[in-house]
Amino acid sequence: MSEMGTDGAALEQELERMLEIEKFEPPAEFRERALWSDPAIYEEAAADPVAWWTARSKELLDWDVEPTQGLDDSNPPFYKWFEDGRINASAQCLDRHVAAGNGGRVAYHWRGEEGERRDVTYAELLDSTRRFANALKDLGVEKGDVVGIYLPMIPEVAVAMLACARIGAIHNVVFGGFSAESVRERMEFSEAKALVTVDGARRKGKTAPIKQQVDEEMGGLGSLKTIVVIRSTGIECPMTEGRDVFFEEICAAADPECPAEPMEAEHPLFILYTSGSTASPKGILHTTGGYLTGVAATHRYVFDLRPETDVWWCAADVGWVTGHSYIVYGPLANGATSVMWEGAPDYPHKGAWWETVQDTGATILYAAPTAIRTFIKWGADIPAKYDLSSLRLLGSVGEPINPKAWLWYHQVIGGGRCPIVDTWWQTETGGIMITPLPGITATKPGSATTPFPGVSAEVVDERTGEPVAEGQGLLMLEKPWPSMLRTLYKEDDRFVETYFSKFGEERYLVGDAARRDKDGYFWVIGRIDDVVNVSGHRLSTAEVESAIVAHENVAEAAVIGQSDEDTGQAICAFVTLAGDTAPSEGLDAGIREEVAARIGKFARPKRIVWADDLPKTRSGKIMRRLLRDIAEGRALGDVTTLRDPDVMAELEKQIAAEGDED
Ligand code: WT7
């Protein structure tokens, strides 16, 4: 427990001083023990990335049939990896560890909302997974069918995902913070045959009636034959005869034996919907062998993971890709012991995370900058009350981390001794792409440093596509990698158009702006498309706009991401009301309600600006750039292309009036 923790002024001074430090070398004692400590690994991988990835895949996975092929790039950008290999993801994550005598090892130290503790071993997880896999088969779910999963952070979420993988069903997890309407949309797009959900979900002392909400939306979905309900909270819930079944009952009735069927390496493992430039979400498709290779390798080597001794904690939600890759598939493939955290960081109290580190002896913590900023606001004296000495490595993910937050994390949580890995990646990349290696890379606060071995990234000029040595440009991934998305589910054309149309079919357009510094380090700046990152949750402005205009009193809306101290970016909506509707506080709330119902509470605009009109080009396109300028109080950029330049003067008045109200 550091003294700094309790003296705010001294800590502040220390962090200010540390801002001057350019590079943090890996601590000698970390480097000496690290799995990888020789920088030659980068050259080795670069010399033949396909051979190198193939070697990783054989090193970390036990294939039923080892692949003889690495990359098939005969039909770019539809790449295939390890195509003639056969493997089952659930067997990699469970059976092989149990067979090796590690069935008694804890897979998840689960921590419930009300402080409940439940340890789930690998043997237990395997037993539940086999039973549920058989139960799904009994319900008529077959290889290639899509199964929706809409669950809170309970161990059964891993069981549901792995049971799908076991029988070759494609899971489609929807984050529990999304509304039932979003679930319906995703089930409809993917023609899901079954949906796994809960009776209710707990959040900070309240219970939301999830099954009831799901029922209100799911009527008339022809493809959906079954809803499996996990009794999680025990609240009453409606059940439809012939469609709905209880998880516990079907598992109890199911055969406990369920041999894992080897799948083709390119068999789809899951779809995960994410936001793009338009309102319709993109169904990112990942397959089996390459994805497992990518997540197992990055989980092992980015986090220097020792399955026998580490306690790994990825504090994300399984509903996002971070949870898929680093709560479920990566850690389980590596036989790790993880913490699974159900609740909010301030429930039952603001020290709950640190108490959990102390109790579980967590050694590695992987969290989002938005969480770190929240902890900074709550004060260093809270973590100072707990013993955090078990921690040896810290990770950051989801958005750029500002240097001050990085330093706070390093000093207050890491006690100055833990390297920090700032990991850049995306739903599309499947696993971590740009990151330090903790025993090798000297880190710079705010930079994700350099690509993982076997990954080629470049910052290029927006117009020419030529690499920019120093300075800003578009981030590109230059070569295929095993865990890359294979397509957008049922939208091959959109896949090519979105990611591979700018500079050819060999170069993946990330959608982020970045710059490189004199050492070649990457500094990711943020999205170049109309995607907003709120607390690490990815949203499209178009998606939020269409939810707002669904409100009966709204004529038009334009949404932008505005910088926000707590959440990185926050949603700011410019709203034009219909007819002679006058702005009112109730209307404000009503609009936020509409967004919560259509997308989810996390998408609600933080700020609503009433606008008589929106700045548009002569062709009618809303100029969001100007809205961003005005929202953040910057001087306005070029307004000459506006159809009606007076619009901006009106908006300025409106913003000024908003200030008066506060
Ligand atoms: C977008 C991807 C990575 C899994 C969770 C989010 C931003 C992500 C970083 C980072 C700067 C980051 C990018 C990226 N992002 N990690 N370490 N530094 N920016 O996955 O929802 O697909 O969002 O998150 O803008 O494109 P996602």
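Treating only the Cβ atoms of Lys and Arg (+1) and Asp and Glu (-1) as charged, compute the dipole magnitude of the stretch 555-656 about its Cα centre; round to the nearest 20 debye.
Details: 15 positive and 18 negative charges, 94 e Å.
Using only the charged Cβ atoms, the result is roughly 460 debye.
Picking from THR429, THR370, CYS418, whose Cα lies most toward the positive end of the charge dipole for the stretch 359-442 (charges on Cβ: Lys, Arg +1; Asp, Glu -1)?
The residue sitting farthest along the positive end of the dipole is CYS418.
Which value, in debye to the nearest 20, describes the size of the charge dipole of the stretch 196-345 about its Cα centre when Lys and Arg Cβ atoms bear +1, Asp and Glu Cβ atoms bear -1, and nothing else is charged?
So the magnitude is around 600 debye.
Which percentage, to the nearest 5, of the DSSP beta bridges contained in the chain is antiparallel?
Around 60 percent antiparallel, to the nearest 5.
When only DSSP loop residues count, what trypsin sites (Lys or Arg not before Pro) in the stretch 12-61 have their Cβ near at most 15 other Cβ atoms within 10 Å?
The qualifying sites are LYS23.
Please work out the ratio of the alpha-carbon Rg of the chain to 2.2 N^0.38 Å and round it to two decimals.
0.95
Would you mind getting me the FRET efficiency between ARG306 and ILE21? Use the beta-carbon distance for r and R0 = 35 Å, nearest 0.05.
Working: r = 29 Å, r/R0 = 0.83.
Efficiency at R0 = 35 Å is approximately 0.75.
If you place +1 on the Cβ of every Lys and Arg and -1 on the Cβ of every Asp and Glu, how big does the dipole about the Cα centre of the chain come out, in debye to the nearest 20?
620 debye
Put +1 on the Cβ of every Lys and Arg and -1 on every Asp and Glu Cβ in the chain; which of VAL554, VAL174, PRO49 then has its Cα farthest towards the positive end of the dipole?
Comparing the listed Cα positions along the dipole, PRO49 ranks first.
For a paramagnetic label modelled at 7 Å from the Cα of GLU466 toward its Cβ, which residues of the stretch 509-530 fall within the zone defined by backbone nitrogen distances under 20 Å?
514-518, 520
Let me make sure I get this right: for the stretch 52-144, a, b and c are the square roots of the gyration tensor eigenvalues over alpha carbons, sorted descending. Under 1.5 in a/c it's rounded, otherwise prolate if a/b > b/c, else oblate. Which is it?
On the way: a/c = 2.19, a/b = 1.73, b/c = 1.27.
Verdict is prolate for the stretch 52-144.
Going by average Cβ density within 10 Å per residue, which order do the peptides 229-240, 395-406, 151-162 take, highest to lowest?
Output ranking for 229-240, 395-406, 151-162: 151-162, 395-406, 229-240.
Over the Cα atoms, compute the radius of gyration (one decimal) and Dmax (the largest Cα-Cα distance, rounded to a whole number) for the stretch 139-217, in Å.
Radius of gyration, then largest Cα-Cα span, for the stretch 139-217: 12.5, 39 Å.
In whole Hz and in residue order, list the ³J(HN,Hα) couplings for the stretch 405-412 that follow from phi through the Karplus curve 6.51 cos²θ - 1.76 cosθ + 1.60, θ = phi - 60°; x for Gly and Pro.
Karplus values, whole Hz, x for Gly and Pro: 5, 4, 5, 4, 4, 4, 7, 7.
Mind running the shape call on the stretch 516-662? Use the C-alpha gyration tensor, a ≥ b ≥ c as the square roots of the eigenvalues: rounded below 1.5 for a/c, prolate if a/b tops b/c, oblate otherwise.
Working: a/c = 1.78, a/b = 1.26, b/c = 1.41.
The shape class here is oblate.
Residue by residue through the stretch 254-259, which ³J(HN,Hα) values in whole Hz follow from phi under the Karplus form 6.51 cos²θ - 1.76 cosθ + 1.60 (θ = phi - 60°), with glycine and proline marked x?
Using θ = phi - 60°, the values come out as 7, 5, x, 8, 7, x Hz.
Figure the gain on full extension for GLU497 and ASP38 (residue separation times 0.36 nm, minus the Cα-Cα span) and round it to one decimal in nm.
161.3 nm
At a 10 angstrom cut-off on C-beta neighbours, averaged per residue, how do the peptides 374-384, 444-454, 354-364 rank from highest to lowest?
444-454, 354-364, 374-384
Given R₀ = 22 Å, what would the calculated FRET efficiency be for GLN13 paired with ALA442, taking r from the Cβ atoms and rounding to 0.05?
Values: r = 24 Å, r/R0 = 1.10.
So, using R0 = 22 Å, E works out to roughly 0.35.
Using a simple spin-label model with points 7 Å from Cα along the Cα→Cβ vector, what separation in nm is obtained for ASN75 and ALA253?
4.1 nm
Per-residue counts of other Cβ atoms within 10 Å, averaged by peptide: what ranking do you get for 187-199, 575-587, highest first?
187-199, 575-587
What whole number of Å gives the distance from the Cα centroid of the stretch 487-519 to the Cα centroid of the stretch 64-137?
The distance from the Cα centre of the stretch 64-137 to that of the stretch 487-519 comes to 29 Å.
Only the coordinates and a few stated rules stand behind these numbers; no lab work does. Everything numeric here is computed off the predicted structure, so don't read it as measured data. So basically every Cβ, Gly included, is an ideal-geometry build from the backbone, and we count neighbours across all protein chains shown.
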